[in-house]
Amino acid sequence: MDLHHHNTFELFLGEQYDCWQDRAGGSTGHYTYNFIVSPPLPDDISSMDLVFKEYSDTFKENPTGLEIVINIE
């Protein structure tokens, strides 16, 4: 029986961007997430916020409350 539970991360960049997870993988203590963003980001992304929200299900209906915000200056 597999007792490991994998949560889903969603990336939000603002209303004008659609973001979806392309793939994810890793091992204990290290995970890599790849996201596709449409339309493409501008060359200058200063003053942009990267917001990652965690969900406990793949349908993104149950947020865990964990939110990571990265401010680009």
Problem set entry | Rule-of-thumb Rg ratio for the chain [Cα; 2.2 N^0.38 Å; N residues] | 1.22
Seminar exercise, completed: Residue separation between LYS60 and SER46 times 0.36 nm, minus their alpha-carbon distance, gives in nm 2.2 nm
Exercise. How many nm separate the modelled label positions at THR28 and GLN16, each set 7 Å beyond the Cα in the direction of the Cβ?
Worked result: 4.5
For this session: Taking only Cα atoms and a 10 Å spring cutoff, compute GNM fluctuations for the chain and point out the largest among LEU41, LEU11, LEU50.
Result: LEU41
For this session: Taking the Cα centre of the chain as origin, sum charge times position over the Cβ atoms of Lys and Arg (+1) and Asp and Glu (-1), and report the length of that vector in debye to the nearest 20.
Result: 240
For this session: Determine the share of the chain's accessible area contributed by carbon and sulfur atoms, expressed in whole percent, with a 1.4 angstrom probe.
Result: 51
For this session: Compute the label zone of VAL37 within the stretch 56-71: residues whose backbone N is under 18 Å from the point 7 Å along Cα-to-Cβ.
Result: 68-71
For this session: Run the 1.4 Å probe and let me know the accessible area of TYR33, rounded to the nearest 10 Å².
Result: 80
Exercise. Between PHE35 and residues 5 or more places away or on another chain, which pairs have amide H atoms under 5 Å apart, with H built 1.01 Å from N, and which residues are they?
Worked result: ASP22
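The values are calculated or read from the model by the stated rules, or taken from the named source; none is laboratory data. Quantities reported herein were computed from a predicted structural model and do not represent experimental measurements. Glycine also receives a Cβ, built like all others from the backbone with ideal geometry; neighbour counts cover every protein chain displayed. Note: areas computed on protein heavy atoms with side chains; ligands, DNA, RNA excluded. Shrake-Rupley method; radii C 1.70, N 1.55, O 1.52, S 1.80 Å.
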